[in-house]
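Everything on this sheet refers to the single structure shown next.
The values are calculated or read from the model by the stated rules, or taken from the named source; none is laboratory data. Bear in mind that the values here come from a model prediction, so they are computed numbers and not experimental data. Don't worry about glycine lacking a Cβ; one is built from the backbone with ideal geometry, like all the others, and counts go over all protein chains shown. Note: accessible area is taken over every heavy atom of the protein model, side chains too, but ligands, DNA and RNA are not part of it. Shrake-Rupley method; radii C 1.70, N 1.55, O 1.52, S 1.80 Å.
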Amino acid sequence: MEHTDPMRCELRFTATHGDGAPETIALRSGVADGSLVRIHRGVYAATSDWEGLDSRERHVLLTRGMAAGAARNCVVSHVSAVAALGLPRVHDRFDDTVTVTDPRRTSTKTSTHLLRRPGEVPTDDVLRLGDLSVTALRRTAVDVARTAPFADAVLCADAVLRRLVLPNGHRTGPSVTAAVRREREGLLGRLGPTTRPGNRAARRAVQFSSPFAENGGESLLRVVLFELGLSNVELQREFRLADGRVARCDTYLASHGVAVELNGLVKSTDPRMLAGRTPAEVVRDRTRRDRALCRLPEVRAVVNCDYLDLVFPERLGGLLRDADVDLDRRRVTAAAREAARRFRGDGP
């Protein structure tokens, strides 16, 4: 199926015509015959468009519908800004409640498909995306840090720092270090004192954040390693192999001499990452690279993990123990409980 852009999908509104107008009756008839889908009261889209969207994109389309009606004069924010800006989060599923910041509110209000949060959004913190007014990157990172669980806050802050500091890809050096410090301090300055609700946890997430996680998966890997008790983790560590090539690892546990690589499906399916190779050739090349890394004095072992090892950290713990990384079993148990809450909603 051809990809559908939610920012280009046509929305149709009954308010444009009036409740009893022939056009409005035609919209309702379209729902009855299956050619249209009602995404909110008085807001319709073509079924062919709707079916071509994933959960995030449907949320963006619903956001456009709400912004044109009930949420007019509000700024799209929090999780809905994450969706509109294409920032990562733990779950790919977005619900059908659009979050906005409404300067007219003094308290939070929830209605059908809409969550209004009180607050002012300065003009400099507003980004225009098509027909949407969305909180810009820095404001979105702060909003999410205050209101989301630690992992989601880190994924968002990591991605925001990466876009601000490394928009053209991986770099290192004094200027990058200074830019990271400046941007992180700027986010902390926006948060303000820890006495404000949510700020203590938010500051912890921002202080933990890094632009060197290249995607949400790598951010989540670092979170899970931290929950397993491994805090001294280097991101994108480069090693020069014996043949002169440079190998860059997702994460490196310096105190253990172990590199941990997250092998997502995209590495074996994305044509850009395949670079003309077959998936089997990708696996072969990875094995050869791992062997070359292990010949270096700094690397004792390379641990390859996948997404399910992050969903079930006890599996990642087993892989690390096989590489002689000593883990406190109580931390493994605690990480498994946290992952159960994170991914399956288990427990309190």
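Which residues make up the longest stretch of the chain clear of trypsin sites (Lys or Arg not before Pro) that lie in a DSSP loop with no more than 11 other Cβ atoms within 10 Å, not counting the sites?
Here the longest run is 105-244.
When Rg and Dmax of the Cα atoms in Å is computed from the coordinates, the matching label among [x] 23.0, 78; [y] 19.9, 64; [z] 20.2, 60 is [x].
Taking square-rooted eigenvalues a ≥ b ≥ c of the alpha carbon gyration tensor, is the range 87-146 rounded, prolate or oblate, where a/c under 1.5 means rounded and, failing that, a/b exceeding b/c means prolate?
rounded
Helical runs (DSSP H, four residues minimum) scored at -39500 (n - 2.57) apiece and divided by the length of the chain put the mean residue ellipticity at 222 nm at -14000 deg cm²/dmol. Taking GluC sites (Glu not before Pro) as exposed when their DSSP state is a loop state and no more than 10 other Cβ atoms lie within 10 Å, the longest site-free interval of the chain runs over 121-348. Over the chain, accessible surface divided per residue gives 51 Å², non-protein components excluded, 1.4 Å probe. Which shape class, rounded, prolate or oblate, goes with the range 274-331 when its Cα gyration tensor gives a ≥ b ≥ c as root eigenvalues, a/c under 1.5 marks rounded, and past that a/b bigger than b/c marks prolate? Cα axes put the range 274-331 in the oblate bin. Expressed as a whole percent, the accessible surface of the range 143-270 that belongs to carbon and sulfur atoms is 50, based on a 1.4 Å probe.
Of all beta bridges that DSSP places with both ends in the chain, some 70 percent have antiparallel geometry. Looking only at the range 38-61, which residues have a backbone nitrogen under 14 Å from a spot 7 Å from the Cα of THR112 in the C-beta direction? It comes to 38-44, nothing else.
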